[in-house]
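The values are calculated or read from the model by the stated rules, or taken from the named source; none is laboratory data. Fair warning: this is a prediction, and the values are worked out from it, not measured in the lab. Cβ sites come from the backbone with ideal geometry, for glycine too, and all protein chains shown count toward neighbours.
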Amino acid sequence: RLRYSTEGRAKKVRIEGLFFPALVRLGYRVPVAGYLLNLAVALARLPNSIRRRQQFEAHVMIQQDQIVEYANHVREALESLSVNTSAALARLQQSTEQLVQTNEQQAGEQRERSETLARGHEQQQQELARAHKEQLDSIVHRQQEEIETLTRDYRQSLEIFANEQRLAVTATQAELDQLEKRAQAQDLESQAIRAQLQDETGLLESKQAEVRTRLEVTEK
């Protein structure tokens, strides 16, 4: 419109490829022929619109399949991680029980030795009993320290592992939320395109009905 306005004609600027579209738009203003021309152009554009709609639907389907595949992969990874964690906890608990049993066995052996030495000379009995008692106390104290250290390390490792798992689950949940929002946005866009195509189809049908009516009136 600007090119063929009064100012555009005064400037006399030539733009290639503008004449034909402008001529077609001017043809739209003709009472009957313009409507038929507009209908023909709409029919010519209909295959491209349908093709674009099919391409978009295929793209949406691929995106949804990828989202489902990624969600399944994340779920399998979490399940595998949970199984590995349970197995590690079971092994650690078994090691702790074995260590406690070993300590109890060593303590029993030390008591038996003390009782055997107690049957000897009274002085030797007292000295040996004292020595073995000190040794036993030292062993028990050392074993208790080892158990406390092991328990402390075990609790710390469990806390670190639990924090890592919480962070991993939080990050995974955030990714799933983003993927869900993206899928919702794509669904809204697809619905908008479908609504637009339905409006265009309805407009085209109404134009066809109007053309038939005008043709019938013209024939009469």
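General observations
- For region 166-217, residues that are of a type in the set (Val, Ile, Thr), within 30 Å of GLU69 (Cβ to Cβ) and surrounded by 12 or more Cβ atoms within 10 Å (Cβ to Cβ) total 3.
- Single residue of GLU146, GLU175, GLU164 found to be without any contact (Cβ under 8 Å) to a residue 40 or more places away in the chain and either in a helix (DSSP H, G or I) or among the acidic types (Asp, Glu) (or both): GLU164
- For region 170-208, taking the residues that are over 13 Å from GLN63 (Cβ atoms) and of a type in the set (Lys, Arg), the one that is farthest from the chain's Cα centre (by Cα) is identified as LYS207.
- Being under 38 Å from the mean Cα position of the chain (by Cα) and either assigned to a helix (DSSP H, G or I) or without any contact (Cβ under 8 Å) to a residue 12 or more places away in the chain (or both) holds for only one residue in ALA71, ALA42, ALA131, and it is ALA71.
- Per-region count, region 201-220, residues over 21 Å from PRO31 (Cβ atoms) and in contact with a Leu (Cβ under 8 Å, 6 or more places away or on another chain): 0
- Subset of region 109-120 (residues that are free of Cβ contacts under 8 Å to residues at least 12 places away in the same chain and surrounded by 14 or more Cβ atoms within 10 Å (Cβ to Cβ)): ALA118
- Taking region 126-138 as the range and being under 19 Å from ASN103 (Cα atoms) and at pLDDT below 80 as the test, only HIS132 passes.
- Among the residues listed as GLN156, GLN123, the single one being closer than 30 Å to GLU97 by Cβ and loosely packed, with under 13 Cβ neighbours inside 10 Å: GLN156
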